[in-house]
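A.B. asks: Quick one: the structure is below, and I'll ask about it shortly.
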Amino acid sequence: MTTLATLNKFKKDGVKFTCLTCYDAMFARMMDKALIDTILIGDSLGMVVQGHTSTLPVTVNDMAYHTANVARSNQHALIIADLPFMSYVTLPEAIVNSRQLMQAGAHVIKLEGGSELCELVTILAQAGTPTCVHLGLTPQSVNVFGGYKIQGRGDSAAAKLLADAQAVVAAGAALLVLECVPAELAKAVTETVDVPVIGIGAGADTDGQVLVMHDMLGMAHGRVPRFVHDFLTDERNTTHSIEGAFALYQQSVRGGSFPTEQHQFS
Ligand code: KIV
């Protein structure tokens, strides 16, 4: 079974690891067989499962329901669950909602933001709840950003993101996710912090990679982001199966053939 200690050792040894989003039992079993290292029950379920145009309508009960479905069907992966939009604005509600997701089967709770999360990150760590802080393009803030745009471009934005990453790690964050940031910045963050960093649209130098499962199975709805690769129809997936696609993703990330330059931003 993958634990935070496993991921820390991967980082130390330079072993790249995988993460995929997952929302139900059947796919969780297939990811178990493919030995996907970590699973994210992402609030992206609002878009790919519930049909919303953003992650904002997702509730804590939705997250707990999908987390439980996944957690009871996968023994290999470290399970990360998202606290959804506006469910961690105050410390008391953040604590109660984190407890609900941990009791549903999560091993780590993911939060979107920066240094403003430090107090919460410390309290949760002290209470036995490791956190993963998601920086860069944080989809819960789509209305602040005015769309899904690359973050951390330019010296001051890059410096702020690096400072936020250092602050949350100093506060006790166990993992970071970097979404849609220039590859050079992601490399700098990964080399600076001593916790594993998982990237999506953040280049090849992060410690791990995450993709939304539907995207990597070629089921994207609308525009396909440049960081996505379709592993289902990839000719190396000789079984043409979903399990084969998961296994190919695992091999590609471990072996360093995914992502490539074409999947990253500058
Ligand atoms: O909700 C999600 O799927 C995510 C990933 C895109 C990292 O946060």
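Every number in this text was worked out from the coordinates using simple rules, so none of it is lab data. Treat the numbers as computed from the prediction; the structure is a model and nothing was measured. Reconstructed Cβ throughout: ideal geometry from the backbone, glycine too, with neighbour counts over all protein chains shown.
A.B. asks: Could you sort out which of LYS11/LYS110; LYS12/LYS160; LYS9/LYS160; LYS12/LYS33; LYS12/LYS149 sit more than 21 Å apart by Cα distance in this structure?
C.D. replies: On the way: LYS11/LYS110 19 Å; LYS12/LYS160 26 Å; LYS9/LYS160 28 Å; LYS12/LYS33 26 Å; LYS12/LYS149 32 Å.
In this structure, LYS12/LYS160; LYS9/LYS160; LYS12/LYS33; LYS12/LYS149 lie more than 21 Å apart at Cα.
A.B. asks: ALA163 versus LEU35, label points 7 Å from Cα toward the beta carbon: distance in nm?
C.D. replies: Going by the 7 Å Cα→Cβ label model, 4.3 nm.
A.B. asks: Now a separate question. Which whole number in µm²/s is D for region 132-232 by Stokes-Einstein, with the Kirkwood Rh taken over Cα pairs at 37 °C and 0.692 mPa s?
C.D. replies: Value of D from the Cα-based Kirkwood radius: 235 µm²/s.
A.B. asks: If you average the sequence gap of Cα pairs under 8 Å that are 6 or more apart and divide by the length of the chain, what percent do you get for the contact order?
C.D. replies: Working: 552 pairs, mean separation 50.2, N = 266.
Once divided by the residue count of the chain, the mean separation gives 19 percent.
A.B. asks: Same structure, new question: If we count every other residue with Cβ under 13 angstrom of THR192's Cβ, Lys/Arg +1 and Asp/Glu -1, where does the sum land?
C.D. replies: Numbers: positive: LYS11, LYS187; negative: ASP164, GLU184, GLU191, ASP194, ASP205, ASP207.
Net charge around THR192: -4.
A.B. asks: For region 1-77, what does the convex hull of the Cα positions come to per residue, in cubic angstrom? Provide the component values of the computation, followed by the final result.
C.D. replies: Working: hull volume 7.5 nm³, N = 77.
Once divided by residue count, the hull of region 1-77 is 98 Å³.
A.B. asks: Relative contact order for region 206-266: what percent, with Cα pairs under 8 Å and sequence separation of 6 or more?
C.D. replies: Working: 52 pairs, mean separation 17.3, N = 61.
That works out to 28 percent.
A.B. asks: Here is a follow-up. Tell me, rounded to the nearest percent, the portion of alpha carbon pairs in the chain spaced more than 33 Å apart. The partial results should precede the final answer.
C.D. replies: Values: 3711 of 35245 pairs.
Tail fraction, whole percent: 11.
A.B. asks: Please give the net charge around PRO139, taking every other residue with its beta carbon less than 9 angstrom from that of PRO139, where Lys and Arg add +1 and Asp and Glu add -1. Show your work: numbers first, answer last.
C.D. replies: Working: positive: none; negative: ASP43, GLU112, GLU179.
Surrounding charge for PRO139 is -3.
A.B. asks: Mean residue ellipticity at 222 nm from the helices of the chain, using -39,500 (n - 2.57) per DSSP H segment of n ≥ 4 over the full residue count, to the nearest 500 deg cm²/dmol? Spell out each step's value before the answer.
C.D. replies: Details: 11 runs with 107 residues, N = 266.
Counting only the DSSP helices, I get -11500 deg cm²/dmol.
A.B. asks: What number comes out for the charge environment of ILE36, summing +1 per Lys or Arg and -1 per Asp or Glu over other residues with Cβ under 14 Å away? The partial results should precede the final answer.
C.D. replies: Working: positive: LYS16, ARG29, LYS33, ARG254; negative: ASP32, ASP37, GLU243.
Computed value for this residue: +1.
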